[in-house]
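Here is the structure we will look at.
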Amino acid sequence: MNKYFYKNFTVEVFNDSTFSFNSNDNLQVYENIYFGDDTEEYPTSKHGIKLISNDKEINNCLIIGSSGATTIHPNSSILDNDNILICCSDSVFSISIVDLKLNWVKKLDMATYIKIFKIENDFVIHGELEITRIDKVGNIIWQFGGSDIFVSLDGEDSFQLNDNHIVLKDFTGTS
C-alpha cells in the first residue's frame with residue numbers, strides 16, 4: 001500500500017485483486033469505478049484509493065486496467081499537487097484528490113507500466129515496452145522503445161533515472 005498526506009487528508013492506494021463486479025462479497029464498496037481501455041471484459045489489475053479524514057474514510061474509488069498485471073509498490077503512484085497519478089496495467093490514471101474524480105486515463109504502453117517518476121514539471125514512466133515522458137495532462141512529450149522488454153531477470157534494476165539521463169537494461173541484459 002502507498003500512503004500520501006495531502007492537506008488534512010490521508011490518501012491510501014492499495015491492491016484490491018479480490019474485487020468482483022456484481023458481487024455482494026466484496027470487502028470494499030466503491031463510490032466510483034474507472035476503467036482503462038477494454039478493461040470491463042478482461043480486468044487484470046484493480047487498485048483502490050481511499051480518502052481519509054480524522055481516521056474516517058470519506059470517499060473512495062477503484063481503477064481497473066487490463067493487459068499486463070500490476071501491483072502497488074513505492075513507485076507505482078505519485079502525488080502531484082491536487083492529483084494522484086497511478087500506473088495500472090497498460091494505462092496511467094490521473095485522479096483528483098479532493099473528490100477522487102477521474103481527470104484522465106491514457107494507454108501509453110502496449111503491455112504494462114511499472115514505475116512513475118516526476119521530472120521537472122512532467123513525468124517519466126517506466127513501461128515494460130516503452131519509456132514515456134508525459135506532461136501533467138497525459139500528453140506524450142517523448143517515448144522510447146528498445147529491442148526487448150525493459151525488465152531484468154537477474155534482480156538488477158532495469159531502470160535508473162539520473163539527473164540528466166536514464167540507464168536502461170532490457171530482458172537480454174543489454175544496457
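For the listed peptides 111-117, 77-83, 43-49, a ranking on the average number of other beta carbons within 10 Å per residue, highest first, reads 43-49, 111-117, 77-83.
Taking K and R as +1 and D and E as -1, what net charge do the other residues with C-beta under 11 Å from the C-beta of V13 add up to? Every neighbour counted, the sum reads 0.
For the listed peptides 119-127, 90-98, 132-140, a ranking on the average number of other beta carbons within 10 Å per residue, highest first, reads 90-98, 119-127, 132-140.
Counting only Cβ charges, +1 for Lys and Arg and -1 for Asp and Glu, the dipole size of the range 73-136 around its Cα centre is about 60 debye. The residues neighbouring I134, those whose beta-carbon lies less than 13 Å from its own, together hold a net charge of -1 under the Lys/Arg +1, Asp/Glu -1 convention.
Spin-label model, Y4/N24: points 7 Å from Cα along the beta carbon direction are separated by 3.6 nm.
With a Förster radius of 25 Å applied to the beta-carbon distance between Q143 and N81, the computed FRET efficiency rounds to 0.55. Candidate cross-link partners of K107 among the lysines, defined by an alpha-carbon separation under 27 Å and a same-chain spacing of 8 or more, comprise K3, K46, K50, K115, K118, K136, K169.
Peptides 60-68, 27-35, ordered by how many other C-beta atoms sit within 10 Å of their residues on average, highest first, read 60-68, 27-35.
A straight chain from I52 to N32 at 0.36 nm per residue would run longer than the Cα-Cα distance by 5.6 nm.
Read-outs: derived from the displayed coordinates by stated rules, not from any lab. None of these values were measured; they are calculated from a predicted model. Cβ atoms come from the backbone with ideal geometry, glycine included; neighbour counts cover every protein chain shown.
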